[in-house]
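The values are calculated or read from the model by the stated rules, or taken from the named source; none is laboratory data. Because the structure is predicted, anything quoted here is derived from the model rather than measured. Positions of Cβ are generated from backbone atoms using ideal geometry, with glycine treated the same way; all protein chains shown enter the neighbour counts.
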Amino acid sequence: MNGVSGRMGYRQHLVRSILAIRDQGGIELPDGSKVTVRPLLVGRSEAKLAEIAAQHGIDDWTTDLDSALADSRWEIYADFLVTKARAAALRKAIAAGKAIYTEKPTAETVEEALELARLAAEAGVKTGVVHDKLYLPGLQKLKRLIDSGFFGRILSVRGEFGYWVFEGDWQVAQRPSWNYRAEDGGGIIVDMFPHWNYVLENLFGEVKSVYAHASIHIPERWDEKGERYDATAEDAAYGVFELEGGVVAQINSSWTTRVDRGELVEFHVDGTHGSAVVGLHKAKIQHRNATPKPVWNPDLEDSHDYDADWQPVPANDVFLNGFRQQWEEYLTSYALGTDYAFDLLAGARGVQLAQAGLESSRSGAKVALDPLSL
Ligand SMILES: NC(=O)c1ccc[n+]([C@@H]2O[C@H](COP(=O)([O-])OP(=O)(O)OC[C@H]3O[C@@H](n4cnc5c(N)ncnc54)[C@H](O)[C@@H]3O)[C@@H](O)[C@H]2O)c1
């Protein structure tokens, strides 16, 4: 597990996924046998690794990635490094014949992401890329609504993602400063469009084209040491995505907006027979039979309670932490040798959408996406 001292590596992948799986005694396979996990922590700081290892009863850690990759006891290489450092590490791990599990984006350019997918296919190693948003309770409820036929024909999707990320001067920023420097692999498009790609393609249809407008709304920020720096990567992106089958998705991604929503991400889906608004956890619906008939009249204050027209969708299930749920599926697929859809090629499509979004923002034109293949 490389990069376990980072935000995602520590909390989501180590503590909430791998250690949770270890502590429950592994994952049960269909034949009743168990896959167990034993993490090896990899990083640059011996002291940080030793501290994490001691805190969680982990026996193995190292600052020597090459030796770890050369050691056949460790079967899977998992990567949670800053985006910029990822491709080189993945390349090494694939060359060493390790199975791969990695955060998104898998690389900084689509060429490199596709090359990694090709190298992995040639080496015959199983690969997995984080698709965590699909496992959010709200999105799982949405999937259920789609599968039940609730929407009729889906027309459009409107997504709002974001919150205010402090500049770092008078209040410490709540995201790492590299996110705001293009030269360090930052930017909200590279960060969020890979998520939007797998959310859209798995729920509504493959993305055929994108128009995006990226902005650096806050041009100067203060880093972890309190030092001022120029923000060179966009902190907001306004995107329109055309999907296979004609659905239109429009998603705002912003670290420069103040939340007036139920949750930090929300999708509003309109279909001929019904609509839904889903967030991280919650989901609510409005059926065509319960749709009010507003009449536009700006001269009169509208007394209708539009919020009351929506009905909550119950969970009817226990949803695990999404990162853990995906880890369990990946490890099961690894143990059984079955196909795994959320692989490096899926990851490359995410990078492709991010790259096309940036290109669209630079040129001002809508950019078509060609299907990617190995
Ligand atoms: N799936 C999600 O929802 C989600 C959310 C946030 C971030 N991410 C992704 O996770 C990755 C890590 O993001 P984070 O927010 O945890 O970042 P972070 O800065 O908190 O952690 C990054 C890790 O990489 C290590 N690192 C930094 N520079 C390095 C270098 N040059 N060489 C080797 N290691 C280096 C750090 O020591 C740290 O362990 C990014 O690729 C990001 O896009 C995913």
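Listed values, structure above:
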| quantity | calculated |
| --- | --- |
| Members of segment 310-321 that are surrounded by 15 or more Cβ atoms within 10 Å (Cβ to Cβ) and modelled with pLDDT of 95 or more | Trp310, Val313 |
| Residue that is farthest from Phe323 (Cα to Cα), among those in segment 18-34 that are more than 16 Å from the ligand (Cβ to nearest atom) and aliphatic (A, V, I, L, M) | Leu29 |
| Selected residue (only one of Asp169, Asp184, Asp191 is more than 25 Å from Leu145 (Cβ to Cβ), among the acidic types (Asp, Glu) and touching a helix residue (DSSP H, G or I) at 6+ places or on another chain (Cβ under 6 Å)) | Asp184 |
| Residue satisfying condition, being in contact (Cβ under 8 Å) with a residue 60 or more places away in the chain and either of a type outside the set (D, E, K, R) or under 13 Å from Thr83 (Cβ atoms) (or both), within set Val172, Val157 | Val157 |
| Scope segment 147-168; condition farther than 21 Å from Met192 by Cβ and surrounded by fewer than 16 Cβ atoms within 10 Å (Cβ to Cβ); matching residues | Asp147, Ser148, Gly149, Gly152, Arg153, Leu155 |
| Condition met for Ile52 (more than 12 Å from the ligand (Cβ to nearest atom) and surrounded by 17 or more Cβ atoms within 10 Å (Cβ to Cβ)) | no |
| Any strands (runs of 3 or more DSSP E) falling wholly within segment 216-287 and containing at least 1 residues that are more than 27 Å from Leu369 (Cα to Cα) | 220-222, 228-230, 274-278, 283-287 |
| Members of segment 169-189 that are part of a loop (DSSP other than H, G, I, E, B), closer than 19 Å to Arg362 by Cβ and away from the ligand (no atom under 11 Å from the Cβ) | Arg181 |
| Pick from segment 64-85, criterion within 10 Å of the ligand (Cβ to nearest atom) and in a loop (DSSP other than H, G, I, E, B), ranking: modelled with the lowest pLDDT | Val82 |
| Test: residue in segment 55-76 that is more than 21 Å from Thr106 (Cβ to Cβ) and either in contact (Cβ under 8 Å) with a residue 40 or more places away in the chain or in contact with a Phe, Trp or Tyr (Cβ under 7 Å, 6 or more places away or on another chain) (or both) | yes |
| Residue list for segment 334-350, filter: closer than 15 Å to Ser373 by Cβ and assigned to a helix (DSSP H, G or I) | Leu344, Leu345, Ala346, Gly347, Ala348, Arg349 |
| Filter result for the condition that a residue is in a loop (DSSP other than H, G, I, E, B), among the β-branched types (Val, Ile, Thr), in contact (Cβ under 8 Å) with a residue 40 or more places away in the chain and more than 12 Å from the ligand (Cβ to nearest atom), over Val37, Val4, Val15 | Val37 |
| Leading residue by the ranking (farthest from Ser177 (Cα to Cα)) among those in segment 86-104 that are among the small types (Gly, Ala, Ser) and touching a residue at least 40 places away in the same chain (Cβ under 8 Å) | Ala99 |
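This table checks each residue for (1) within 16 Å of the ligand (Cβ to nearest atom); (2) acidic (Asp, Glu); (3) outside any loop (DSSP other than H, G, I, E, B); (4) closer than 19 Å to Lys284 by Cβ.
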| position | (1), (2), (3), (4) |
| --- | --- |
| Arg118 | no, no, yes, no |
| Glu122 | no, yes, yes, no |
| Val125 | no, no, no, no |
| Lys133 | yes, no, yes, yes |
| Leu139 | yes, no, yes, yes |
| Arg144 | no, no, yes, yes |
| Asp147 | no, yes, yes, yes |
| Gly152 | no, no, no, yes |
| Ser156 | no, no, yes, yes |
